[in-house]
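K.L.:
There's a structure below that I have some questions on.
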Amino acid sequence: SGTPVRPITAFLHYAMHGTVLNAENSLISTEAPGALELYGSDAVGVPLVYLQSSAGDVSPNSGGTNLADFQALEHLGRTAAPTVLDAWQRAAPAKAPARARLQRFELPIDLSRAALGYASGEFDEYGGIGCGLGGGTCPPTVTAPKDVICLPLAKRAFVQTSVVALRLEDVLLVSLPGEPTTAIGARIARLGAGIDGVTRTMVVGYAQDHYGYILEEPDYLRLGYEPSVSPWGWRWGDFLVGKGTEAVAGLGSTQPTLAQPAATPLVTRTISDSTRPAAQVDTVADLERLQTARFRFAGGDPGLGTPEVALEQEVNGAFVPVLASPTRAVVNGPELMLREDATPTFASDATLTPRDFVWTVEWETLPDTVAGRYRLVAKGRASNGGTVSAYTVTSTTFAVTPSHAVVAGDLTLDATGALSITARFPPNPSLRNEVGETVGNYRLRALDADPNVGAPASGGTATALVTAPDQSTQTVTLTWSNGAWRGQSSSAPLAGTTRVTIATGGLVDGVGNTNGAPLELSATR
C-alpha cells in the first residue's frame, strides 16, 4: 500500500546544552540531551536519534523544585516525554511516495585567516583562543574588532572542516561544525525557503567537527566566555552561514573531493588481566521500596567495554527482563547506576597487570516499584591470562517489599469536622561525597515533588484516632479522595487543638506502603 505501518526510528531535533551535571560526574555522559532522547524513546516506543540544534545560547532548565544532578535529568526527560510523543503522533506520515528523495552535499571549508576574509594582521593567522581574555561586563560592552586580543594557535597539520546539506523528502538538514546561537540557527532555517518541496529546514550543530561557539559579530564583540573558546573570531558566524548557503545550493550536483587528514597511529592502553574470574562479590540483600539494591561483581578491564546490566523479575517461576520500554532491554538510564573500581588504580600504575576490577550496580527503588523477587544480570568481557572471553554474572535473587517509610503528614480540619490528611515519604535530596560526586538518591520519587520535603504517598485508606480539645476521642476511617485522605468526625470541632494519631501500619497507600511508626498530627482552631 505504500503506507508506513511501523516506524523504526526518528530524529528528535532540539536546542539545549548538556550542562546539568557537575564536573565530578562520571556515571552518565549523555547529559540533558540524552535524557530527552532516552525518555522520548520510551514514550514513542522506538529509539530516537537526538540532533542538537542551535544550542549555543540555550541552557537546560529542569523546571523542578530543588532538583540537582540525575534527579534534574530525569525530571527534564520525563517532563519532555509527553511533548515528544505528541510531536511523534502528529508527524505520522501518510502514503509513501513512489520514489523517495535523498540528497546529500558536503562542502569542504579551508580554515585560515585569509579564507575567512580577515586582512593580514587583523586576526591570528591560524585562529586564536582566550579572545577578550574571558572579559566583558554585565551589561556587556561592545568592543571594536581591533581591540580583541587572543592567544594565537599554532598551525595544525589538517586545516579543513565541512558543512553538510542533507535533504530527506521535505526536510532539509544543514550541519555546522560548532555550537550555533539562536540567531545563527534562524538564518540557517531560512535557507530552504526557495527550494521546491522543502517545508522545514533544521540546523544541526556539533556536527562533523567542533570549532567552538558560532556567533554573529555583535555577539562576539560583547566578549565573555563564548568568544574566548571560539577560535575563528567575529567573522566565523557570517562565514558559516555563507558556506551553509553554498552547501544547500550544491544539492543535486557533483560532490567535490574532500581532503583527508593524515592517518594518525592509534595508541591504546594495554589491557590488564583480571586477578580473578568474573563472579558476584557480595550477595544482594532483600529490601523495602525506597532502598537501594547493590550488586558488586568482579569483571574485566573497562577498556574491553562497559558491562551491560539487566534487571529481571520473577514471573510465574521464571525471570524475565524488566523493560523500561520496548526500546530498552538493558536499563541504561538513572534506573541503574554502574561504576568501576580498579585496584590498584590506573592513576597509580597505568601499566600494571593483573589488577582487580570490581563493578558496582545500584538499583534505587521507588514508592511504586512492583513488589516481588528480582535479580541483576551483568554481561561483559574480561582478560585472564592474556585471553579475552565473555562472561555472565547473575546476582543472588532478592525480594522487594512495600515500604514502611511513610514518616510525616499534615492535617486540615474544617468547620463541619471534615478531616483532610496528607502524608509523605522521607526527603531524598541528591547525596554527594567529599569531592562533589553524586553517590546516592539518583531518582525522582514523584515528578513534581520537592526532594528536600519528600514525595507524597497516595491512595489506599487510613484509620485515625481523633482527640478533640476536650480530650474526647473517636475513630475515623479515611479514604483517598482528591489528593488527600478524607474522613468525617461525628461532630463539629471545638475551639482549641485537635490531635490525630495514626497507629503504626494504620495508613496503607494505594500500593501497600505504610507507616512504620505512629503519625502524630494536629490542627488548631
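The values are calculated or read from the model by the stated rules, or taken from the named source; none is laboratory data. The shown structure was predicted, so the numbers you read here are calculated from the model rather than taken from an experiment. Glycine gets a Cβ as well: all are built from the backbone with ideal geometry, and neighbour counts include every protein chain shown. All accessible areas refer to the heavy atoms of the entire protein, side chains included, with ligands and DNA or RNA removed. Shrake-Rupley method; radii C 1.70, N 1.55, O 1.52, S 1.80 Å.
K.L.:
Along region 283-295, what does the Karplus equation 6.51 cos²θ - 1.76 cosθ + 1.60 (θ = phi - 60°) give for ³J(HN,Hα), rounded to whole Hz, x for Gly and Pro?
P.N.:
Those phi angles translate into 6, 9, 7, 4, 8, 8, 3, 5, 8, 10, 7, 10, 10 Hz.
K.L.:
Can you give the FRET efficiency to the nearest 0.05 for VAL49 and THR19, using r as the Cβ-Cβ distance and R₀ = 22 Å?
P.N.:
0.55
K.L.:
Return the whole-Å distance between the Cα centroid of region 457-496 and the Cα centroid of region 337-374.
P.N.:
47
K.L.:
Further, regarding this structure: State log₁₀ I(q)/I(0) for region 181-330 at q = 0.08, 0.10, 0.13, 0.21 Å⁻¹ as given by the Debye formula over alpha-carbon point scatterers of equal weight, solvent excluded.
P.N.:
Listed by q, the Debye log ratios stand at -0.58, -0.78, -0.88, -1.40.
K.L.:
Ordering TRP363, TRP480 from largest to smallest accessible area (1.4 angstrom probe), what's the sequence? Write out the running numbers ahead of the final one.
P.N.:
Details: TRP363 20, TRP480 90 Å².
Greatest to least solvent exposure: TRP480, TRP363.
K.L.:
Then there's this: On the principal axes of its Cα set, how long, how wide and how thick is region 9-162? Give whole Å, largest value first.
P.N.:
Ordered largest first, region 9-162 gives principal extents of 55, 52, 31 Å.
K.L.:
Moving on to the next point. From the Cα gyration tensor of region 484-525, with a ≥ b ≥ c the square roots of its eigenvalues, which class applies: rounded if a/c is under 1.5, or else prolate if a/b is larger than b/c, or else oblate? It would help to have the intermediate numbers written out before the result.
P.N.:
Details: a/c = 3.20, a/b = 1.91, b/c = 1.67.
Prolate.
K.L.:
Quick one: what are the phi-derived ³J(HN,Hα) couplings along region 237-252, Karplus 6.51/-1.76/1.60 with θ = phi - 60°, whole Hz, x for glycine and proline?
P.N.:
x, 4, 4, 6, 4, x, 5, x, 4, 5, 5, 5, 5, x, 4, x
K.L.:
Evaluate region 304-429: find the radius of gyration of its Cα atoms, find its Kirkwood radius, and give the ratio Rg to Rh. Before the final figure, lay out the partial values.
P.N.:
Details: Rg = 21.6 Å, Rh = 18.5 Å.
Over the Cα atoms of region 304-429, Rg/Rh equals 1.17.
K.L.:
Could you size up the charge dipole of the chain around its Cα centre, putting +1 on the beta carbon of Lys and Arg and -1 on that of Asp and Glu, and report it in debye to the nearest 20?
P.N.:
1040
K.L.:
Can you send over the solvent-accessible area of ARG486, 1.4 Å probe, protein chains only, in Å² to the nearest 10?
P.N.:
90
K.L.:
Then there's this: Under a cut-off of 23 Å between alpha-carbon atoms, report the lysines in cross-link reach of LYS379, not counting same-chain residues fewer than 8 places apart.
P.N.:
Cα-Cα hits under 23 Å: none found.
K.L.:
Calculate the FRET efficiency for THR467 and ALA285 from the Cβ-Cβ distance with a Förster distance of 41 Å, rounded to the nearest 0.05. Don't skip to the end; give the middle numbers.
P.N.:
Numbers: r = 40 Å, r/R0 = 0.97.
According to the calculation, E is roughly 0.55.
K.L.:
Give, as ranges by residue number, the residues of region 411-441 whose backbone N falls under 16 Å from the point 7 Å along Cα→Cβ of GLN474.
P.N.:
Of the residues in region 411-441, 413-420 have backbone N under 16 Å from the label point off GLN474.
K.L.:
If packing is taken as the average number of other Cβ atoms within 10 Å across a peptide's residues, how do 303-316, 255-268 rank, most packed first? The partial results should precede the final answer.
P.N.:
Numbers: 303-316: 16.1, 255-268: 7.8.
Final packing ranking: 303-316, 255-268.
K.L.:
For VAL20, which sequence-distant residues (separation of 5 or more, or a different chain) have an amide H within less than 5 Å of its own amide H, given hydrogens modelled in the peptide plane?
P.N.:
ALA32
K.L.:
Name the residue farthest towards the positive end of the dipole of the chain from the options GLY127, ALA115, THR501, assuming +1 on Cβ of Lys and Arg, -1 on Cβ of Asp and Glu, about the Cα centre.
P.N.:
ALA115
K.L.:
I would also like to ask the following. Could you tell me the accessible area of VAL203 in Å² (1.4 Å probe, neighbours in place), rounded to the nearest ten?
P.N.:
10
K.L.:
Using the Kirkwood radius over Cα pairs, work out the Stokes-Einstein diffusion coefficient for region 1-87 at 4 °C and 1.567 mPa s, in µm²/s as a whole number.
P.N.:
Numbers: Rh = 13.7 Å.
The estimated diffusion coefficient comes to 95 µm²/s.
K.L.:
Another question, then. Only Lys, Arg, Asp and Glu count, each charged at its Cβ (+1, +1, -1, -1), so figure out the dipole size of region 221-315 about its Cα centre, rounded to 20 debye. Provide the component values of the computation, followed by the final result.
P.N.:
Values: 8 positive and 11 negative charges, 105 e Å.
Magnitude of the dipole: close to 500 debye.
K.L.:
Check which residues have an amide H placed less than 5 Å from GLY224's amide H, if you skip close sequence neighbours.
P.N.:
GLY134, GLY135, GLY136
K.L.:
A further question on this structure: Evaluate the Kirkwood expression for the hydrodynamic radius of region 118-254, namely the inverse of the mean inverse distance over all pairs of different C-alpha atoms, and round to one decimal in Å.
P.N.:
Working: mean 1/r = 0.0633 Å⁻¹.
Evaluated over region 118-254, this radius sits at 15.8 Å.
K.L.:
I'd like the Karplus ³J(HN,Hα) series for region 71-83: coefficients 6.51, -1.76, 1.60, θ = phi - 60°, whole numbers in Hz, and an x wherever there's a Gly or Pro.
P.N.:
After applying 6.51 cos²θ - 1.76 cosθ + 1.60, I find 5, 5, 4, 5, 4, 4, x, 6, 5, 6, 4, x, 5 Hz.
K.L.:
Sorting VAL466, VAL320 by accessible area (1.4 Å probe), largest first, what list results? Intermediate results must be reported in sequence, preceding the final value.
P.N.:
On the way: VAL466 10, VAL320 60 Å².
Of VAL466, VAL320, the descending order of accessible area is VAL320, VAL466.
K.L.:
Quick check of the Kirkwood formula: for region 226-281, what is the inverse mean of 1/r over all pairs of different Cα atoms, in Å?
P.N.:
Details: mean 1/r = 0.0574 Å⁻¹.
Answer for region 226-281: a Kirkwood hydrodynamic radius of 17.4 Å.
K.L.:
How large is the charge dipole for region 371-525, taken about the Cα centre, if only the Cβ atoms of Lys, Arg (+1) and Asp, Glu (-1) carry charge, to the nearest 20 debye?
P.N.:
Working: 11 positive and 9 negative charges, 138 e Å.
Its charge dipole is roughly 660 debye.
K.L.:
Roughly what % of Cα-Cα distances in region 175-224 sit above 15 Å, to the whole percent?
P.N.:
Numbers: 621 of 1225 pairs.
In whole percent, the share of Cα-Cα pairs in region 175-224 beyond 15 Å is 51.
K.L.:
Now for a separate question. How long is region 377-440 along each principal axis, judged by its Cα atoms, biggest number first, in Å?
P.N.:
79, 33, 12
K.L.:
Could you tell me which of VAL159, ALA310, PRO180 has its Cα farthest along the dipole of the chain towards the positive end, charges placed at Cβ (Lys, Arg +1; Asp, Glu -1), taken about the Cα centre?
P.N.:
ALA310
K.L.:
What nm distance separates the two modelled labels at ILE8 and THR524, each placed 7 Å from Cα along Cα→Cβ?
P.N.:
The two pseudo-label positions are separated by 6.9 nm.
K.L.:
By how many nm would the segment from ARG269 to SER348 grow when fully extended, if each residue of separation counts as 0.36 nm and the alpha-carbon distance is taken off?
P.N.:
Values: separation 79, 0.36 × 79 = 28.44 nm, distance 1.45 nm.
Net length gain for the segment: 27.0 nm.
K.L.:
Evaluate the relative contact order of the chain (contact order divided by residue number), counting alpha-carbon pairs under 8 angstrom at least 6 apart; express in whole percent.
P.N.:
On the way: 1196 pairs, mean separation 63.7, N = 525.
That works out to 12 percent.
K.L.:
Pull out the extension gain between ASN452 and ALA157, defined as 0.36 nm times the separation in residues minus the alpha carbon to alpha carbon distance; nm, one decimal. Working shown, then result.
P.N.:
On the way: separation 295, 0.36 × 295 = 106.20 nm, distance 5.29 nm.
Contour length minus the Cα-Cα distance gives 100.9 nm.
K.L.:
So if I take the centroid of the Cα atoms in region 10-58 and the same for region 194-258, what is the distance between those two points in Å?
P.N.:
Distance between centres, Cα-based: 22 Å.
K.L.:
While we're looking at this one, here's another question. Which shape class, rounded, prolate or oblate, goes with region 244-307 when its Cα gyration tensor gives a ≥ b ≥ c as root eigenvalues, a/c under 1.5 marks rounded, and past that a/b bigger than b/c marks prolate? It would help to have the intermediate numbers written out before the result.
P.N.:
On the way: a/c = 6.70, a/b = 2.10, b/c = 3.19.
It comes out oblate by the Cα gyration axes.
K.L.:
Now, a different point. Hey, if we sort LYS95, LYS379, LYS146 by accessible area with the 1.4 Å probe, largest down, what's the order?
P.N.:
On the way: LYS95 145, LYS379 115, LYS146 165 Å².
Result of the area sort, largest leading: LYS146, LYS95, LYS379.
K.L.:
List the aspartates and glutamates whose alpha-carbon lies under 18 Å from that of LYS155, not counting same-chain residues fewer than 8 positions away?
P.N.:
In chain and number order, the partners are ASP110, GLU122, ASP124, GLU125, ASP209.
K.L.:
With a/c under 1.5 counting as rounded, go ahead and sort region 368-503 into rounded, prolate or oblate using the C-alpha gyration tensor (a ≥ b ≥ c being the square roots of the eigenvalues; past the cut-off, prolate if a/b is larger than b/c, else oblate). Before the final figure, lay out the partial values.
P.N.:
Numbers: a/c = 4.24, a/b = 2.78, b/c = 1.53.
Verdict is prolate for region 368-503.
K.L.:
Any idea what diffusion coefficient region 454-505 gets from Stokes-Einstein, in µm²/s, Kirkwood Rh on alpha carbon pairs, 25 °C, 0.890 mPa s? Display every interim value, and only then the final one.
P.N.:
Numbers: Rh = 12.1 Å.
The diffusion coefficient I find is 203 µm²/s.
K.L.:
Please give the solvent-accessible surface of HIS404 in Å², to the nearest 10, using a probe radius of 1.4 Å with every protein chain present.
P.N.:
90
K.L.:
Continuing with the same structure: Net charge near ASN515: determine it from the other residues with C-beta under 15 Å of the C-beta of ASN515, scoring Lys and Arg +1 and Asp and Glu -1. Before the final figure, lay out the partial values.
P.N.:
Working: positive: ARG289, ARG424; negative: GLU288, ASP410, ASP509, GLU520.
Result for the neighbourhood of ASN515: -2.
K.L.:
Turning to a different aspect of this structure: Of [x] 1.06; [y] 1.24; [z] 1.01, which one was derived for Cα Rg over 2.2 N^0.38 Å from the structure shown?
P.N.:
[y]
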